[in-house]
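The values are calculated or read from the model by the stated rules, or taken from the named source; none is laboratory data. This is a predicted model, so every value here is computed, not measured. Virtual Cβ from ideal backbone geometry, glycine too; neighbours counted across all protein chains shown. Protein only, heavy atoms only, side chains kept; ligands, DNA and RNA dropped before computing areas. Shrake-Rupley method; radii C 1.70, N 1.55, O 1.52, S 1.80 Å.
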Amino acid sequence: MKAQLRALIEQGLTALRAAGTLPSDLASPDFVIERPKERAHGDFSCNAAMLLAKAAKSNPRALAQQLVDALPVSDAIAKVEIAGPGFINFHLTATAWQQQVRDIHAAGAAFGRNASGKGVTVGVEYVSANPTGPLHVGHGRAGVIGDCIARVMAANGWNVAREFYYNDAGVQINNLAISTQARAKGFKPGDAQWPADAYNGDYIGDVAASYLRGDSVEVEGQTITGKNDADDLDAIRQFAVAYLRREQNEDLAAFGVSFDRYFLESSLYSDGKVEETVAALTAAGHTYEEGGALWLRSTTFGDDKDRVMRKSDGSYTYFVPDVAYHLSKWQRGYTRAVTELGADHHGSLARVKAGLQALDCGIPAGYPDYVLHQMVTVMRGGEEVKLSKRAGSYLTLRDLIDEAGRDATRWFLVARKPDSQLTFDIDLARSQSNDNPVYYVQYAHARVCSLLRQAGEKNMPHDAGNGAANLHRLDDAPALELLRELSRYAEVVEAAGATLEPHLVAQYLRELANAFHGWYHASPVLVEDAALRDARLALALACQQVLANGLDLLGVSAPERM
């Protein structure tokens with residue numbers, strides 16, 4: 001609808017240029033077409049006259065009237081009004097809304113998608129958990145947010161590459177190794193010989209037992225085999241990392257989250273990428289030595305203070321491999337990068353961006369885009385659920401999926417803005433009621449499927465041609481309200497991709513389901529009047545299609561029966 005109105009306004013502006021009302025060489029401004037907050041102000045509003053008034057040497061309201069007079073006649077417009085300082089408000093005809101049904105049926109699964117990304121490659125990184133234990137609920141929120149960002153960006157025409165960054169180097173991995181070794185030697189948490197920084201969850205015992213049995217673990221094309229040797233710490237380290245990487249991959253697969261590439265932090269060191277990055281920063285003149293350490297002049301690029309890169313003992317601070325990693329994204333053709341992280345990483349963002357800018361290699365300012373998510377509080381029976389016996393100190397993602405189901409878990413973890421605190425109510429997620437948003441939306445889809453089954457049972461098969469020919473029968477208030485909601489879908493997809501906020505899709509689907517259920521109760525579908533019945537079935541099928549398209553962007557199923 002916005003595209004149609006934009007085309008009409010452009011034609012009107014062309015007419016004003018030809019008439020001399022506007023300078024002939026005046027380019028069209030970047031005017032906005034939006035839905036007014038109040039329905040009484042029309043279906044869409046445009047600010048073009050306000051932006052052009054100065055060039056036309058006219059007051060905005062007068063120019064708005066001239067633009068309205070120059071608009072070509074359209075069956076889509078019932079009336080046009082001028083409001084406030086010069087807004088042009090459009091009221092659309094029922095025919096314009098009814099056309100949405102044809103558009104949805106014609107586009108099918110592609111309805112709502114656009115090409116604004118122009119096939120440019122964007123790398124989306126998410127989850128990126130340390131392979132030191134089972135994934136927790138926070139990883140689950142990162143996973144579904146990242147996965148849905150990738151889905152909405154693909155729907156906006158981007159070429160999306162999904163990436164998982166394994167933090168397989170550093171102190172945590174050493175702690176994993178010594179924890180597994182202690183278990184392999186027969187020690188347990190609480191024993192005098194138990195390492196102070198060890199991981200205490202029962203899963204460490206599982207890893208140790210598997211290692212001692214000589215089990216083989218295959219992960220990303222590599223096979224790591226354990227052995228009955230509790231003294232070989234390097235072998236234990238390799239096995240434990242592989243074991244937990246495989247487990248994390250299995251949990252993510254069960255969650256419907258996948259990746260195109262797994263990138264190992266350790267490879268940045270083994271391939272010399274960290275050293276190359278530090279050398280490039282030094283060559284660019286953005287580092288200096290002080291106190292035996294190597295510093296980055298990150299304040300030159302907006303950071304609040306300069307940062308140590310290489311400590312006096314020769315080791316690198318943790319943001320340096322992050323700079324090297326994001327440099328590799330740029331070198332691998334990621335014209336744009338989106339990195340989804342927990343809010344606790346906020347402090348490192350400025351220094352990573354500063355490091356990338358200091359490389360002076362063409363990386364655009366602001367690269368990468370960061371999306372940060374807040375913590376999740378899980379409730380059951382009115383009480384917070386904190387612990388998993390297996391993990392020892394946190395609730396695992398697998399626990400949550402097992403209790404609430406994959407669809408509900410994905411929905412609840414993505415349905416709010418990432419930077420907002422989230423309370424996950426397991427009881428609500430499991431309930432089959434209208435208070436459960438995912439159930440409410442899925443039920444709308446299943447309800448249309450049920451209508452089609454009932455139509456067949458009653459010997460009232462849907463005649464698509466008859467339905468298309470009689471869409472003018474969809475002129476009652478509930479039908480028009482549902483049509484208006486359907487028309488918003490493409491705008492929501494575009495907004496979700498532009499702002500990296502897939503929760504907008506979840507919010508929209510609930511509003512669409514509400515409009516559908518309201519229409520369904522107010523407008524019997526399987527009536528004797530074949531023209532009206534087929535028109536209403538056409539509308540129901542259009543709603544079913546949009547619901548399925550939106551649920552797919554969230555990675556949630558669209559069931560046919562509930």
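How many nm is it between the label spots at residue 79 and residue 480, if each spot is 7 Å from the Cα in line with the beta carbon?
1.2 nm
Choose one of 184, 312, 272: the residue whose Cα lies farthest towards the positive end of the charge dipole of the chain (beta-carbon charges +1 Lys, Arg; -1 Asp, Glu; about the Cα centre).
272
How big, on average over all directions, is the shadow cast by the Cα convex hull of the chain, in nm²?
About 33.1 nm², averaged over all directions.
Which residue, chosen from 518, 420, 211, occupies the Cα position most advanced towards the positive end of the dipole of the chain, where the dipole is computed from +1 (Lys, Arg) and -1 (Asp, Glu) charges on Cβ about the Cα centre?
518
Enter the Cα centre distance for the pair the stretch 362-411 and the stretch 44-95, rounded to the nearest angstrom.
Result: 48 Å between the Cα centres.
Which lysines does residue 329 reach when only Cα atoms under 17 Å apart count, and residues fewer than 8 places away in its own chain are ignored?
273, 353
If I take every Cα pair under 8 Å that is 6 or more residues apart in the chain, average their sequence separation and divide by the length, what percent do I get for the relative contact order?
15 percent
What are the semi-axes of the equivalent ellipsoid of the stretch 166-318, taken as the square roots of 5 times the eigenvalues of the Cα gyration tensor, listed largest first and rounded to whole Å?
After diagonalising the Cα gyration tensor, the semi-axes are 36, 20, 14 Å.
Please list, ordered by chain and number, the residues whose modelled amide H lies under 5 Å from the amide H of residue 342; skip anything fewer than 5 residues away on the same chain.
373
In Å², and per residue, what accessible area does the stretch 378-521 have when probed at 1.4 Å with the other protein chains present?
Ligands and nucleic acids excluded, the result is 44 Å² per residue.
Counting only other residues whose beta carbon sits under 10 Å from that of residue 466, what net charge do I get with K and R as +1, D and E as -1?
-1
State the answer as a single residue: which of 105, 502, 56 lies farthest towards the positive end of the charge dipole of the chain, with beta carbon charges of +1 for Lys and Arg and -1 for Asp and Glu, about the Cα centre.
The one lying farthest along the dipole's positive direction is 56.
Put one equal scatterer on each alpha carbon of the stretch 337-462, apply the Debye formula with no solvent term, and list log10 I(q)/I(0) at q = 0.13 1/Å to two decimals.
-0.74
Would you please give the residues with an amide H less than 5 Å from that of residue 78, counting only those at least 5 places away or on a separate chain, with H modeled from the backbone geometry?
The list, which skips near neighbours in sequence, is 91, 92, 93.
Quick one: which residues, 5+ away or cross-chain, put their amide H under 5 Å from the amide H of residue 287? H built at 1.01 Å from N.
Amide H neighbours of residue 287, under 5 Å, 5+ apart: 297.
Report, in debye and to the nearest 20, how large the dipole of the stretch 189-288 comes out about its Cα centre when Lys and Arg carry +1 and Asp and Glu carry -1 on their Cβ.
Taking the Cα centre of the stretch 189-288 as origin, the dipole is about 180 debye.
Leaving ligands, DNA and RNA out of it, report the carbon-plus-sulfur percent of the accessible area of the chain at a 1.4 Å probe.
48 percent
Quick one: compute the contact order of the stretch 229-381, relative version, from alpha carbon pairs under 8 angstrom and 6+ residues apart, as a percent.
It rounds to 18 percent for the stretch 229-381.
State the Cα centre-to-centre distance between the stretch 161-180 and the stretch 216-238 in whole Å.
14 Å
Using the Cβ atoms and a cut-off under 13 Å, what net charge is assigned to the surroundings of residue 537, where Lys and Arg are +1 and Asp and Glu are -1?
Here the charged neighbours net out to +3.
Rounded to the nearest 0.05, what FRET efficiency do residue 220 and residue 65 give with R0 = 60 Å and r taken as the Cβ-Cβ distance? Could you check?
0.35
Mind checking the dipole of the chain: about its Cα centre, +1 per Lys or Arg Cβ, -1 per Asp or Glu Cβ, Debye to the nearest 20?
Roughly 960 debye for the chain.
At a Förster distance of 35 Å, what's the computed FRET efficiency of residue 495 paired with residue 94, Cβ-Cβ distance as r, to 0.05?
0.85
Just to check I understand the Karplus step: with θ = phi - 60° and J = 6.51 cos²θ - 1.76 cosθ + 1.60, what whole-Hz values come out for the stretch 135-152, glycine and proline as x?
5, 9, 4, x, 4, x, 5, 4, x, 6, 5, x, 4, 6, 4, 4, 5, 6
Helix-only estimate, please: 222 nm mean residue ellipticity of the chain, summing -39500 (n - 2.57) across DSSP H runs of length 4 or more and dividing by its residues, to the nearest 500.
Computed ellipticity for the chain at 222 nm equals -15500 deg cm²/dmol.
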